[in-house]
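The values are calculated or read from the model by the stated rules, or taken from the named source; none is laboratory data. Note that the structure is predicted; figures quoted are calculated from it, not measured. For neighbour counting, all protein chains shown are included, and Cβ atoms are generated from backbone atoms with ideal geometry for every residue, glycine included.
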Amino acid sequence: MYQVISFDLFMTLADLNARVPVLWERILEGPLTQEEVARYAAGLKSHYLPYYYALREPPFVTMDAVFRRGFAEYFRAEGIDADPDRAADIFLEEHNYCPIYEDASALLKRLQGRYRVVISTDADCSMVRDLLPRIPHELAFVSEELGAYKAYRDGSFFRQVIKKTGVQPQEILHIGDGSSDLIGAKLCGIDVYHVDREGRGLPQGVSTPPDYTGRGLAELTELLRL
């Protein structure tokens, strides 16, 4: 049935949460408690999310621009004495150092020689330059290179996945954790496995349920008959 397995990257294969304490200590140049890290992370999120959700529609704006604006507004609002541009640079760079989830490593090994593996990520090239070589894959579809995000209603991101893999939509299974994964893939007739590691249910803005869902990637071994 499926020939191509398409993976979202962050929070599906790569654990960005593991780098959050490190990136905030780099930004603020000192040790922080877990509570402080959580507070800073939540504060930043509240400022960048409106711009992040706007990425569901053209025109294309880089993640770099989104996070620079988010950091600038957050630091200004809270009176944080730190350089927002330097903070954005660190934030984007730290994506490259994410550890790969154990269940992701195990699944990727079992997929080798049995399915074609591609990466489909809403990211700038600077966020994945050192990360992608650590993950076995045939092709990588990166938003900055395509000039499109996965949630675009014209389906332009996943149409490129279909075109460049040379298969039919029904021969692709996309695996991801976010709303853009579900919205964009389903628009193009691609089946979706929703990774819900924290048991939160459907992401915000999603009305069409995924074809499959699970708390991790281990469940895919049965679905894919590995």
Quiz item: How many residues does the range 7-47 hold that are outside any helix (DSSP H, G or I), in contact (Cβ under 8 Å) with a residue 24 or more places away in the chain and hydroxyl-bearing (Ser, Thr, Tyr)?
Solution: 1
Quiz item: Would it be correct to say that Val66 is closer than 21 Å to Gly205 by Cβ, surrounded by 14 or more Cβ atoms within 10 Å (Cβ to Cβ), among the β-branched types (Val, Ile, Thr) and outside the structural domain of Ile183 (by TED's automatic domain parsing)?
Solution: yes
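Select from the range 33-49 the residues that are among the hydrophobic types (A, V, I, L, M, F, W, C) and at pLDDT 95 or above and list them in ascending order.
First, pick out the residues of the range 33-49 that are among the hydrophobic types (A, V, I, L, M, F, W, C): 37-38, 41-42, 44, 49.
Once the filter is applied, which keeps residues that are among the hydrophobic types (A, V, I, L, M, F, W, C) and at pLDDT 95 or above, the range 33-49 yields Val37, Ala38, Ala41, Ala42, Leu44.
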Quiz item: How about the range 151-163: which of its residues are crowded, with 18+ Cβ neighbours inside 10 Å, of a type outside the set (A, V, I, L, M, F, W, C) and touching a residue at least 60 places away in the same chain (Cβ under 8 Å)?
Solution: Tyr152
Practice problem: Return yes or no: is Ile175 surrounded by 16 or more Cβ atoms within 10 Å (Cβ to Cβ), closer than 18 Å to Ile100 by Cα, touching a residue at least 60 places away in the same chain (Cβ under 8 Å) and in contact with a strand residue (DSSP E or B) (Cβ under 6 Å, 6 or more places away or on another chain)? | Solution: yes
Quiz item: Just to be sure, is Leu202 surrounded by fewer than 24 Cβ atoms within 10 Å (Cβ to Cβ), in a strand (DSSP E or B) and in contact (Cβ under 8 Å) with a residue 12 or more places away in the chain?
Solution: no
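Yes or no, residue by residue, for (1) farther than 28 Å from Phe91 by Cα; (2) touching a residue at least 40 places away in the same chain (Cβ under 8 Å):
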site: Arg116; (1), (2): yes, yes
site: Val142; (1), (2): no, no
site: Pro169; (1), (2): yes, no
site: Ser180; (1), (2): no, yes
site: Ala185; (1), (2): no, yes
Self-check item: Unique residue being closer than 27 Å to Arg215 by Cα, part of a helix (DSSP H, G or I) and touching a helix residue (DSSP H, G or I) at 6+ places or on another chain (Cβ under 9 Å) when the list is Leu173, Leu182, Leu107
Solution: Leu107
Quiz item: Quick check, is Val167 β-branched (Val, Ile, Thr) and either over 21 Å from Arg56 (Cβ atoms) or not in a helix (DSSP H, G or I) (or both)?
Solution: yes
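Suppose the filter is touching a residue at least 12 places away in the same chain (Cβ under 8 Å) and either outside any helix (DSSP H, G or I) or within 20 Å of the chain's Cα centre (by Cα) (or both); does Phe75 pass it?
Values: touching a residue at least 12 places away in the same chain (Cβ under 8 Å): yes; either outside any helix (DSSP H, G or I) or within 20 Å of the chain's Cα centre (by Cα) (or both): no.
Taking the combined requirement at face value, the residue does not satisfy it.
Being outside any loop (DSSP other than H, G, I, E, B) and either under 15 Å from the mean Cα position of the chain (by Cα) or of a type outside the set (Ser, Thr, Tyr) (or both) is the filter here; which residues of the range 205-222 pass it? Give the derivation first.
Here is the first cut: in the range 205-222, the residues outside any loop (DSSP other than H, G, I, E, B) are 212-214, 220-222.
Selection gives Gly214, Leu220, Glu222.
Being among the β-branched types (Val, Ile, Thr) and more than 17 Å from the chain's Cα centre (by Cα) is the filter; apply it to the range 138-170 and report the residue that is nearest to Pro210 (Cα to Cα).
In this case the residue turns out to be Ile162.
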Quiz item: Do we have any residue at all in the range 33-42 that's basic (Lys, Arg) and buried (at least 20 other Cβ atoms within 10 Å of the Cβ)?
Solution: no
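Return the residue satisfying two criteria in turn: it lies in the range 185-199 and is closer than 15 Å to Phe7 by Cβ and touching a helix residue (DSSP H, G or I) at 6+ places or on another chain (Cβ under 9 Å), and of such residues it is surrounded by the most Cβ atoms within 10 Å (Cβ to Cβ). Break it down into steps so the answer makes sense when it comes.
Filtering the range 185-199 for residues closer than 15 Å to Phe7 by Cβ gives 185, 190-195, 197.
So of that shortlist, the ones also touching a helix residue (DSSP H, G or I) at 6+ places or on another chain (Cβ under 9 Å) come out as 185, 190-195.
Values: Ala185: 31, Ile190: 25, Asp191: 18, Val192: 25, Tyr193: 27, His194: 23, Val195: 28.
The residue in question is Ala185.
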